[in-house]
Amino acid sequence: MKKWMLLLIIVATLAYPTIILESNHVKAADIEHNTINLNKLLLEKGYATLYDKTELIPPKFRTSPDTWPDKIPTSDVDAEGTCTHVVDGDTIDVQGVGRVRLAVINTPEEGEPGYQEAKDYVTQVCLNKKVYLDIDPERSLDQYNRILAMVYVSNETNKTQPLMNQTPTTLAIENNTTTPPTTKMPPTGTPITILALGILTILTGIVYSHMKK
């Protein structure tokens, strides 16, 4: 009985880290490949301008928009939830999080030219979709107690293919769909799995040979 217990312990010890590593790999790929940077997109589309008061910008985001990632790094996800309401072009409500102000950018206020266009665009892109928030802990709230964040919109439901001369992000937004670039999921037989199985086979043979003695 003790020999069988030893064999089971060896199997569990090898299998557990392999499963965890594979699971984390898939989770990271999902987040990195299936989001779009809403703050950056609004600037590129001309619906927003950069915030002109540098001292009010969270330090983490005081960089050129060219350096902002198009996809959110997994380690930067500070909060997530569904966008339940669009207040205007730069403010949304997120379920379980509260009111969120898009950091670094400004869209026109109500009554100003471009206000409705910006709001309609954010509604089209963001409403009822999952969003991921990157929040700078050094300045997480504005003067109205809204959460300041870089907002990444989930892009996981689109199934159309990008057309020639159009980027996946551009096509997804303009067609009111959500087409992510091709996500490379980890293959079934990754080096970690193969190595673990090889070691497991050797150890199983050793234990089995001792059991026969």
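Every number here is computed from the coordinates shown, using simple stated rules; none is lab data. None of the values given here were measured: they were computed from a predicted structure. Reconstructed Cβ throughout: ideal geometry from the backbone, glycine too, with neighbour counts over all protein chains shown.
Side notes on the structure shown:
- LEU41 surrounded by 14 or more Cβ atoms within 10 Å (Cβ to Cβ) and touching a helix residue (DSSP H, G or I) at 6+ places or on another chain (Cβ under 9 Å): yes
- Restricting region 98-120 to residues that are in a helix (DSSP H, G or I) and of a type in the set (Asp, Glu), the residue that is surrounded by the fewest Cβ atoms within 10 Å (Cβ to Cβ) is ASP120.
To keep it simple, each residue is scored yes or no on (1) on the phi > 0 side of the Ramachandran plot; (2) in contact with a strand residue (DSSP E or B) (Cβ under 9 Å, 6 or more places away or on another chain).
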| residue | (1), (2) |
| --- | --- |
| THR84 | no, yes |
| ASP88 | no, no |
| VAL94 | no, yes |
| VAL104 | yes, yes |
| THR107 | no, yes |
| PRO113 | no, no |
| GLN124 | no, no |
| GLU138 | no, no |
| ILE147 | no, yes |
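- Some residue of region 59-76 being aromatic (Phe, Trp, Tyr) and either within 18 Å of the chain's Cα centre (by Cα) or surrounded by 15 or more Cβ atoms within 10 Å (Cβ to Cβ) (or both): yes
- Evaluation of VAL131 against (1) touching a Gly at 6+ places or on another chain (Cβ under 9 Å); (2) over 26 Å from PRO73 (Cα atoms) (one fails), failing number: (2)
- Of all residues in region 33-51 being in contact (Cβ under 8 Å) with a residue 24 or more places away in the chain and of a type in the set (D, E, K, R), the one that is nearest to GLY114 (Cα to Cα): LYS45
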